[in-house]
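Here is the structure we will look at, set down as structure tokens.
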Amino acid sequence: MKLATLKDGTRDGRLVVVSKDLTRYSDAGHIAPTLQAALDDWERIAPSLEVLARDVEHETVPCGRFHEREAMSPLPRAYQWADGSAYINHVELVRKARGAEVPDSFYHDPLMYQGGSDHFLNPREDIPLGDVAWGCDMEGEVAAITDDVPMGTSAADAAGHIRLLMLVNDVSLRGLIPGELAKGFGFFQSKPASAFSPVAVTPDELGDAWADCLIHLPLMVDLNGQPFGRANAGADATFNLAQLIAHAAKTRKLGAGSVIGTGTISNKGADGGAGKPVAEGGAGYSCIAEIRMIETIRDGAPSTRFMQPGDTVRIEMRDAAGHSIFGAIEQAVVAAG
């Protein structure tokens, strides 16, 4: 089942069911007005949404043409957005570039930060940038949306609380991060609004690509129209989504509609070392910071700049047949104000 939220002039939009090929939709307002309302009562509401999804496939209900530009993030705002670090290769590179070791705990105790969730950017909405010196970067990720998760839930049980999956552009302002972390209190200004894919999908939509609570497909990240990243989201993961959800729920329950991200998807090179750019036959990178770290390690200084007004990023994932699963996040950086 594929779900989306269309713009309707309200903060939370209106819930629709989308066809598997992303060409059609049918309004789901008679079942649940919003995605959050559906998640609040998922066990009762999901079966009706699934019936509607089958009707959309068979075109036995009124359908409209689905346009990704008319979609908001599936949850335009959420009660909780927490982002982890499933791919330690990314952390290793960042640490190595500044001559720091990765603590052993990072390999069995995930990093996680609490992001702002009162407003998410639409998947086709511009990224406002107040100052180029802030170092605007994209971060291509996968995220899960949960139902109610009890406090202390194990990773094994957390898998059953994953209701929907989607893609993320977790925008980061790299120039502000060091100063914030130096205060010892975590990210805030350096993590502006994120954007999510036009469509969220139930795990069964992924077939064999969904295994061990990871999506075993490449995440396609294009920068200014050129392939930048093709890292496989199922490879080189130290933690899966169930483990990240369990980590988040260790000392608190998670409310329905909580969004948990994987962190930047990052693959090692074929030799086990740093990955190569797509143009050199590698899997590339899901954020600019990673190639800058590799340049720093190799050359002593980075040469790839962060995003500036006029730059564009596209994030998408396709199935084995080449069909888009979630639709695409397509954003341009613009000067704020």
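The values are calculated or read from the model by the stated rules, or taken from the named source; none is laboratory data. Keep in mind the model is a prediction, meaning the values are calculated, not measured. So basically every Cβ, Gly included, is an ideal-geometry build from the backbone, and we count neighbours across all protein chains shown. Areas reflect the complete protein model, heavy atoms only, side chains present, ligands, DNA and RNA absent. Shrake-Rupley method; radii C 1.70, N 1.55, O 1.52, S 1.80 Å.
Points worth noting:
- Any hit, the range 58-66, residues being over 19 Å from the mean Cα position of the chain (by Cα), buried (at least 22 other Cβ atoms within 10 Å of the Cβ) and among the β-branched types (Val, Ile, Thr): no
- Qualifying residue in the range 207-219 (condition: surrounded by 15 or more Cβ atoms within 10 Å (Cβ to Cβ), over 21 Å from Arg314 (Cβ atoms), of a type in the set (Phe, Trp, Tyr) and modelled with pLDDT under 95): no
- Pair list, Cβ under 6 Å, 6 or more apart: the range 294-313 residue of a type outside the set (Val, Ile, Thr), other residue in a strand (DSSP E or B) and surrounded by 16 or more Cβ atoms within 10 Å (Cβ to Cβ): Phe306/Cys136; Phe306/Asp137; Met307/Cys136; Met307/Val333; Pro309/Val333; Asp311/Val333
- Considering residues of the range 67-113 that are over 25 Å from Ser303 (Cβ atoms) and hydroxyl-bearing (Ser, Thr, Tyr) only, the residue surrounded by the most Cβ atoms within 10 Å (Cβ to Cβ): Ser73
- Selection from the range 174-205 of residues that are within 30 Å of Thr34 (Cβ to Cβ), open to solvent by 10 Å² or more (accessible area, probe 1.4 Å) and among the aliphatic types (A, V, I, L, M): Ala193
- Residues (open to solvent by less than 30 Å² (accessible area, probe 1.4 Å) and assigned to a loop (DSSP other than H, G, I, E, B)) located in the range 223-239: Ala231, Ala233, Gly234, Phe239
- All positions within the range 319-337 that are part of a loop (DSSP other than H, G, I, E, B) and in contact (Cβ under 8 Å) with a residue 12 or more places away in the chain: Asp319, Ala320, His323, Ile325, Phe326, Gly327, Ala328, Ala336, Gly337
- Index of the failed condition, Ala301 passing every other in (1) under 22 Å from Asp131 (Cβ atoms); (2) open to solvent by 30 Å² or more (accessible area, probe 1.4 Å); (3) not in a loop (DSSP other than H, G, I, E, B): (3)
- The residue list Gly152, Gly184, Gly225, Gly160 contains one member that is over 18 Å from Ser73 (Cα atoms), at pLDDT below 95 and small (Gly, Ala, Ser), which is Gly184.
- Index of the failed condition, Arg77 passing every other in (1) closer than 18 Å to Arg292 by Cα; (2) in a loop (DSSP other than H, G, I, E, B); (3) not acidic (Asp, Glu): (1)
- Residues of the range 8-27 satisfying the condition of being more than 24 Å from the chain's Cα centre (by Cα) and open to solvent by less than 70 Å² (accessible area, probe 1.4 Å): Ser26, Asp27
- Among the candidates Ala159, Ala144, residue that is assigned to a strand (DSSP E or B), among the hydrophobic types (A, V, I, L, M, F, W, C), open to solvent by less than 50 Å² (accessible area, probe 1.4 Å) and under 18 Å from Ala246 (Cβ atoms): Ala144
- Matching residues, the range 246-289, being in contact with a helix residue (DSSP H, G or I) (Cβ under 6 Å, 6 or more places away or on another chain) and either modelled with pLDDT under 95 or polar (S, T, N, Q) (or both): Thr264, Ser266, Lys268, Ala274
- Looking across the range 276-298, the residues that are open to solvent by 60 Å² or more (accessible area, probe 1.4 Å) and not small (Gly, Ala, Ser) come down to Lys276, Glu280, Ile297, Arg298.
- Test result for Gly273, in a loop (DSSP other than H, G, I, E, B), open to solvent by 10 Å² or more (accessible area, probe 1.4 Å) and under 30 Å from Arg54 (Cβ atoms): no
- All positions within the range 32-54 that are open to solvent by 40 Å² or more (accessible area, probe 1.4 Å) and more than 23 Å from the chain's Cα centre (by Cα): Pro33, Asp41, Glu43, Arg44, Pro47, Ser48, Glu50, Val51, Arg54
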